[in-house]
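The values are calculated or read from the model by the stated rules, or taken from the named source; none is laboratory data. If you're wondering where the values come from, they're calculated on a predicted model, not measured in any experiment. Methodologically, a virtual Cβ is constructed for each residue, glycine included, from the backbone with ideal geometry; neighbour enumeration extends over all protein chains shown. The accessibility values were calculated without ligands, DNA or RNA, using every heavy atom of the protein model including side chains. Shrake-Rupley method; radii C 1.70, N 1.55, O 1.52, S 1.80 Å.
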Amino acid sequence: MVLTSSKDEIDVRDFVLNKRNGVKGLVDFITLNTLPSPYIQPPHERFTSEKIIPSQVPVIDVSDWLDPRVPREICDAAAKLGVFQIVNHGIAPEELKAVIAAARGFFDLPADERKRYWKGSSMSETAWLTTSFTPYKESVLEWRDFFKFQYPREGHDFATTWPSLCKEQVIHHFERIKPITKKILNILINNLNSVVDESNEDALIGTMRMNFNYYPECPEPNLAIGTGRHTDINTLTLLIQEDGVLSSLYGRASEHEDKWVDVPPIPGAIVVNVGDVLQILSNGKYKSVEHCVLVHKSCSRISVPIFYGPVDDTVIEPLPEVLENNEVARYRKIVYSSNYLKDVLGRPHDGKKTIGSIKLP
């Protein structure tokens, strides 16, 4: 599609992808009154109000991790919906707001500064910027840019090439979130009659990656999607949402119907998603929640997820403790990097098709 502005005529895909501007660069360059055609979703992928039902997403107070109520509520939420929010987790709201501000600061940089980190030519081996999900393979693009950080397991100079305006916030957020993640994971694994220890921690949460997600204002949000329907392919995701913006994150209420529940922004809260790895390990007792992100005409939005997953060569299959008492395995054995991760990253967002592909009859 070619757009005409008072500045130039531009080919949208070329401008966004090949010229490394992203959708943020597009909305900064030209005033859009209509949605460019590369972003117009087919009718069956558009999100309408009748699909939304009253929120059922639990908000769990974890101020006392030793309270028996906490593991009970976490395991119940993981089994029924696959997503919940935690509050009173020990990270001050001001600290979370500082992370969101750091993300906004990056996307407020001049386009030429952001381009230095574009995927494929980034000045950093552990941080890169891109747009949509698999933009060169998607027939329709998502209305999102994201800046990804990878936290290496070894070495201390990984952040030297990260942008100075957000480097310290990113490092500290990684460090503050991990103890909370380990507590949640211990609760969920213990409930499966297994344990997390030095022998299997890397196979559960040995990798850590963080996104700065940026969703610009959209001229026709009813035709677009910020992030398409998908499940997280990792073990657990812990996400913070920007306060004071419209609800944008929705989780599927049931695998059997096209109904969605709002996961509203709550000041100081952290959203916790169950990922595909945990669904497989639990043999389906925990649900990897299918979710999507909407965009709005009146405001942009920031979110910051941290994805905890296995190291690349990990073999994933239902835990033997879960299969005691002659329970039948519902998922076949896979190697995380060469089977699962490669498959997901090789195609556009497509709901739960990937985990469905390894489900046994």
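What's the local net charge at Glu220, with K and R +1, D and E -1, over the other residues with C-beta under 12 Å away? Around Glu220, the charge tally is +1. Charge dipole (Cα centre; +1 on Lys/Arg Cβ, -1 on Asp/Glu Cβ; no other charges) of the range 169-290 amounts to roughly 280 debye.
The shape of the range 123-268 comes out oblate: with a ≥ b ≥ c from the C-alpha gyration tensor, a/c is at least 1.5 while a/b does not beat b/c. Quick check: Cα centre of the range 88-119 to Cα centre of the range 308-361, how many Å? Centre-to-centre (Cα) distance: 32 Å. Across the range 341-351, computed HN-Hα scalar couplings (Karplus, 6.51 cos²θ - 1.76 cosθ + 1.60, θ = phi - 60°) run 4, 4, 5, 5, 6, x, 8, x, 4, 8, x Hz from first to last residue, x flagging Gly and Pro. Could you give the distance between the Cα centres of the range 7-60 and the range 225-278, to the whole Å? Here the two parts' Cα centres lie 18 Å apart.
Under the convention that each Lys and Arg Cβ holds +1 and each Asp and Glu Cβ holds -1, the size of the dipole of the range 211-259 around its Cα centre is about 120 debye. The residue among Ala253, Gly228, His291 whose Cα reaches farthest toward the positive pole of the charge dipole of the range 219-361, with charges on the beta-carbon of Lys, Arg, Asp and Glu, is Gly228. In this simple spin-label model, placing a label point 7 Å from the Cα along the Cα-to-Cβ direction at both Lys97 and Ser49 gives a separation of 3.1 nm. Karplus-derived 3J(HN,Hα) values for the range 181-190, using 6.51 cos²θ - 1.76 cosθ + 1.60 with θ = phi - 60°, are 4, 5, 5, 5, 4, 4, 4, 5, 6, 4 Hz; glycine and proline are entered as x.
Other residues with beta-carbon under 13 Å from the beta-carbon of Ala329 carry, at +1 per Lys or Arg and -1 per Asp or Glu, a net charge of +1. Solvent-accessible area per residue in the chain equals 44 Å², computed with a 1.4 angstrom probe and all protein chains kept. Overall, the accessible surface of the range 10-125 at a probe of 1.4 angstrom is composed of carbon and sulfur to the extent of 52 percent. Tally the DSSP beta bridges in the chain and give the antiparallel ones as a percent, rounded to 5. Bridges in the chain that DSSP calls antiparallel: roughly 85 percent. Over every Cα atom in the range 1-137, the radius of gyration and the widest Cα-Cα span, Dmax, amount to 21.0, 63 Å. Summary of packing: across the peptides 314-326, 81-93, the per-residue average of other C-beta atoms within 10 Å ranks them, highest first, as 81-93, 314-326.
Here, the chain yields an orientationally averaged convex hull projection of 18.0 nm² when only Cα atoms define the hull. Remark: the Asp258-Arg153 segment gains 33.8 nm on full extension, using 0.36 nm per residue and subtracting the alpha carbon distance. In the chain, a dipole from Cβ-located charges (positive for Lys and Arg, negative for Asp and Glu) runs towards its positive end, and of Thr31, Pro320, Ala102 it is Thr31 whose Cα lies farthest in that direction.
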